[in-house]
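Some notes on the structure that comes next.
Read-outs: derived from the displayed coordinates by stated rules, not from any lab. In this text the structure is predicted, and so the values were computed from the model without any measurement. When we count neighbours, we look across all protein chains shown, and the Cβ atoms used for this are built from the backbone with ideal geometry, even at glycine.
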Number of protein chains: 2
Amino acid sequence: LKNIAYQGEAGAYSEAAAIKYFGDDNTLLPQFNFEGIFESVSSGAAGYGVVPIENSLFGSVMENYDLLNRYSLHITGELSLEINHFLMAVRQYRPEELKKIYSHPQALGQCSEFLKSLPGVKIIPSYDTAGSAKMIAETGEEYAAAIAGKNAAGHYGLKIIKSRIQNDLKNYTRFLIVENRENTPQGENCKTSLCFELKSVPGSLFKALGAFAFRDINLTKIESRPIPAKTFQYLFYIDVAGNVNNEKLVNAIANLREISENVKILGCYESGKVFKS
Amino acid sequence: LKNIAYQGEAGAYSEAAAIKYFGDDNTLLPQFNFEGIFESVSSGAAGYGVVPIENSLFGSVMENYDLLNRYSLHITGELSLEINHFLMAVRQYRPEELKKIYSHPQALGQCSEFLKSLPGVKIIPSYDTAGSAKMIAETGEEYAAAIAGKNAAGHYGLKIIKSRIQNDLKNYTRFLIVENRENTPQGENCKTSLCFELKSVPGSLFKALGAFAFRDINLTKIESRPIPAKTFQYLFYIDVAGNVNNEKLVNAIANLREISENVKILGCYESGKVFKS
């Protein structure tokens with residue numbers, strides 16, 4: 001039996017991701033915000049955290065990149081979950097009848113085209129998709145709807161008034177599994193995640209990527225985040241294909257340390273699990 | 001007399017940026033959202049748009065990167081504005097007495113450490129910093145505060161209850177000026193902004209950056225955004241130092257076109273104006 005921390009209320013997409021990855025026989029520990037996941041895994045209250053890191057329509061969850069650097073946890077797994085957004089309310093309204101729609105800013109962004117077709121409706125960002133559904137169910141607010149996953153409608157007894165309202169039907173969120181210990185797998189079907197600061201010299205990002213490119217190591221993701229104390233300088237996050245213990249990758253990381261600063265290995269984990277929601 | 005579109009209410013940081021850059025003798029056209037800026041400059045209703053693109057504490061404004069690609073406007077200028085956030089309310093409350101704090105999610109993020117010191121206060125994301133101040137002033141809501149710029153307090157007659165509450169005292173937002181025509185300056189104190197898609201081959205980002213690095217052209221910013229129709233593939237945005245008509249840069253861009261797809265020049269503009277707010 002595992003203790004698994006995720007962000008959101010019961011019925012959240014992160015809850016679905018936790019169940020798909022670990023099975024449904026565990027203790028799920030919902031957290032109010034993303035930092036709650038990192039805190040509870042750091043303290044040992046949870047053995048595992050499930051962290052959304054990017055969505056195929058809306059992009060990276062920047063706060064979680066910052067938290068990966070700030071907490072010394074290890075990425076030990078990843079999965080992609082197909083996301084379908086549903087519009088739900090206490091009654092079977094037509095969408096044009098609605099006065100308010102509540103949801104998390106990421107979900108609102110993923111449904112921006114549908115929302116643009118309802119110019120009279122007030123869009124209200126809230127901290128959570130399933131939390132918006134819960135709130136509407138609890139208050140019984142009329143002419144209001146939430147955007148959340150199908151599970152949330154079932155969980156809170158709401159009516160689905162429109163299905164699959166996201167901008168593009170192919171909508172995936174990639175989640176990372178974090179633990180407070182390394183758990184490097186055997187074999188080569190892996191990703192290794194790293195972060196580093198560039199030295200202030202011309203061509204420094206090019207050289208840093210060269211450590212991998214010259215060894216034919218594939219880069220699958222790059223992200224940058226501002227360094228607050230260094231105005232308009234950046235911390236880079238990269239995912240590369242391969243096992244961190246593979247000789248080529250060991251050499252590439254040693255090379256990266258020569259040409260950049262504060263190199264941190266965030267984890268090595270099996271890649272490629274995709275689940276339907 | 002210029003027509004200048006910006007996002008937010010009177011008293012917004014973007015309004016301050018417009019006044020600092022263009023002077024205070026113009027017609028300012030506040031827009032409800034960022035897309036409104038791009039729409040009104042495209043239609044000719046505004047000659048100029050002022051677009052926040054990144055903050056030194058919180059990072060890039062991703063929506064505006066997407067809009068730069070979606071609309072065919074040209075970046076013709078940039079400025080950085082020093083940002084100081086103020087907590088304001090209808091009365092001189094102590095922060096601990098507050099029940100609610102309203103502001104834009106970026107401003108809430110920039111003040112996250114201060115907000116963490118007030119665990120009992122409900123944090124409510126709203127569409128605009130100055131708009132939150134306006135709303136509190138209009139409703140007269142008690143025990144509620146807004147986070148906004150000093151100008152907003154003056155404009156809406158609110159009391160400043162705490163000054164400079166952002167996480168780090170050095171807090172700058174960089175704004176772009178957009179027009180529906182090119183306006184390439186003379187001289188070399190310029191930046192050129194581009195976006196491009198990578199071909200699906202190993203080392204493709206490394207090669208794309210090489211087009212600039214091998215010619216000693218400095219990269220000042222890189223950002224990536226998902227391509228919705230191509231799950232977990234990215235459109236890259238780069239800023240490089242130099243004039244787009246300089247021979248070195250002409251050659252670098254021709255080289256980039258050989259090794260990547262859908263290369264678009266977003267603009268060439270003078271760099272380096274920094275204003276105190």
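Loop only per DSSP, at most 15 neighbouring Cβ atoms within 10 Å: give me the GluC sites (Glu not before Pro) in the stretch A:159-192, ordered by residue number.
Those satisfying the criteria are A:182, A:188.
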Where nothing but the Cβ of Lys and Arg (+1) and of Asp and Glu (-1) is charged, how large is the charge dipole of chain A around its Cα centre, in debye to the nearest 20?
520 debye
Mind listing the label-point distances from residue A:232 to the same position on all other copies, shortest first, one decimal in nm, points 7 Å along Cα→Cβ?
3.4
Test of understanding: express the Cα radius of gyration of the stretch A:193-277 as a ratio to 2.2 N^0.38 Å, with N the residue count.
1.15
Position residue B:163, label points 7 Å along Cα→Cβ, spacing to each other copy in nm (shortest first, one decimal)
5.9
Along Cα-to-Cβ, 7 Å out, sits the label point; list in nm, shortest first, how far the one on residue B:112 is from those in the other copies.
2.2
Which residue, A:214, A:84, A:145, has the largest displacement toward the positive end of the dipole of the stretch A:78-216 when charges sit on each Cβ (Lys, Arg +1; Asp, Glu -1)?
A:145
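Considering only DSSP beta bridges with both partners in the protein assembly as shown, what is the antiparallel share in %, to the nearest 5? Spell out each step's value before the answer.
Working: 90 of 127 bridges.
Here the share of antiparallel DSSP bridges comes out near 70 percent.
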Max mean-square fluctuation residue, GNM over chain B, Cα-Cα springs under 10 Å, options B:119, B:52, B:185:
B:119
In straight Cα distance, which lysines are under 16 Å from residue A:134, not counting same-chain residues fewer than 8 positions off?
A:100, A:150, A:159
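Suppose R0 equals 30 Å; then what is the FRET efficiency for residue B:91 and residue B:274 from their Cβ-Cβ distance, rounded to the nearest 0.05?
On the way: r = 35 Å, r/R0 = 1.18.
With R0 = 30 Å, the Cβ-Cβ based efficiency is 0.25.
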Which ordering of A:22, B:58 is given by a fewest-first count of other beta-carbon atoms within 10 Å?
A:22, B:58
Looking for one value pair here: nearest-to-axis residue in chain A (by Cβ) for the rotation onto B, and the distance in whole angstrom.
A:125, 2
Hits among aspartates and glutamates - C-alpha to C-alpha of residue B:170 under 12 Å, sequence gap 8 or more where chains match
B:82
Surrounding charge for residue A:234, neighbours by C-beta under 14 angstrom, Lys/Arg +1, Asp/Glu -1, total -2
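What is the sum of charges, Lys and Arg at +1 and Asp and Glu at -1, for the other residues whose Cβ falls under 11 Å from the Cβ of residue B:142? The partial results should precede the final answer.
Numbers: positive: B:91, B:99, B:100; negative: B:97, B:141.
Local charge sum for residue B:142: +1.
Taking 1 over the mean of 1/r across every pair of different Cα atoms in the stretch A:104-239, what Kirkwood radius in Å do you get? Working shown, then result.
Numbers: mean 1/r = 0.0519 Å⁻¹.
One over the average 1/r among Cα pairs gives 19.3 Å for the stretch A:104-239.
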For residue A:207, the lysines lying under 16 Å Cα to Cα, once residues fewer than eight places off in the same chain are dropped, come out as A:199, B:207, B:221
Using modelled backbone amide H atoms (1.01 Å from N, in-plane), which distant-in-sequence or interchain residues come within less than 5 Å of residue B:183's amide H?
B:268
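So for chain B, Kirkwood radius off the Cα pairs, Stokes-Einstein at 20 °C and 1.002 mPa s: how many µm² s⁻¹?
On the way: Rh = 20.0 Å.
This corresponds to a translational diffusion coefficient of 107 µm²/s.
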P(r) of the protein assembly as shown over all Cα-Cα pairs, binned every 20 Å from zero, in whole percent:
20, 55, 24, 0
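Determine by what factor the alpha-carbon radius of gyration of the stretch B:50-180 differs from 2.2 N^0.38 Å, reporting the quotient. Don't skip to the end; give the middle numbers.
Values: Rg = 15.6 Å, N = 131, 2.2 N^0.38 = 14.0 Å.
After normalising by residue count via 2.2 N^0.38 Å, the value is 1.11.
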How much length would be gained if the chain were fully extended between residue B:138 and residue B:264, taking 0.36 nm per residue of separation minus their Cα-Cα distance, in nm to one decimal?
40.9 nm
Pairs of Cα atoms under 8 Å, at least six residues apart: use those to get the relative contact order of chain A, whole percent.
24 percent
